[in-house]
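First the structure, which I've put down as structure tokens, then a few questions once you've had a look.
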């Protein structure tokens, strides 16, 4: 089932999420719904708080991004051909490598791009969709996508990397629902 994505302006998106256990109610259904929602919105990642669940859960699929990228842009992947993974209770073990500044978008902040500096390598410790513990090194664009979604579970948005005053009008339009999107969204200033 496609879930509505919360837009910028919901204060809950700036709240750190809770750890969960494998017995979390409806976990398998939630993960399935998140994949369907992410693909319907043409995203490369989606975090549970973006669909109103304030738990440490996110999904990433950069395989599609890699396969659809121009050959000359594939150097951004740095030897990685993309990942498709569920991350539960993810924690950063180590950030390493050079830093890179690149544009990022977010399904909760449609039609905007933000220049964000991130490390090109990250070791993450997490549980996968079968609640099996993993500790894996991600690099390049996959590392960027993982760190972006991880930020959501820490209550950090792309707007935290920029001067919000400069984009205040655009952000106000988003939170008021005065934008057109091709996917289902909820807006805080239209909820009654």
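Laboratory data are not the source of any read-out in this text; all were calculated from the coordinates shown. Fair warning: this is a prediction, and the values are worked out from it, not measured in the lab. Ideal geometry is used to build each Cβ from the backbone, glycine not excepted, and the neighbour counts take in all protein chains shown.
Of everything in the range 172-191, what is touching a helix residue (DSSP H, G or I) at 6+ places or on another chain (Cβ under 7 Å) and within 23 Å of residue 40 (Cα to Cα)? Give them in sequence order.
Of everything in the range 172-191, those that are touching a helix residue (DSSP H, G or I) at 6+ places or on another chain (Cβ under 7 Å) and within 23 Å of residue 40 (Cα to Cα) turn out to be 175, 176, 177, 179, 183, 187, 188.
Next question, about the same structure. Mind counting the residues in the range 84-118 that are farther than 21 Å from residue 37 by Cα and either assigned to a loop (DSSP other than H, G, I, E, B) or free of Cβ contacts under 8 Å to residues at least 12 places away in the same chain (or both)?
Here the count works out to 0.
Looking at residue 58 and the list (1) over 15 Å from residue 145 (Cα atoms); (2) in contact (Cβ under 8 Å) with a residue 60 or more places away in the chain, which single condition is not satisfied?
Residue 58 satisfies all of (1) over 15 Å from residue 145 (Cα atoms); (2) in contact (Cβ under 8 Å) with a residue 60 or more places away in the chain except (1).
Look at residue 122 and say whether it is within 17 Å of the chain's Cα centre (by Cα), part of a strand (DSSP E or B) and crowded, with 18+ Cβ neighbours inside 10 Å.
In short, yes.
For the range 152-182, what are the residues that are in a loop (DSSP other than H, G, I, E, B) and within 29 Å of residue 92 (Cβ to Cβ)?
Correct list: 154, 155, 156, 157, 162, 163.
I'm trying to understand the selection: among the residues of the range 3-55, which are without any contact (Cβ under 8 Å) to a residue 60 or more places away in the chain, assigned to a loop (DSSP other than H, G, I, E, B) and either closer than 18 Å to residue 111 by Cα or within 16 Å of the chain's Cα centre (by Cα) (or both)?
53, 54, listed by residue number.
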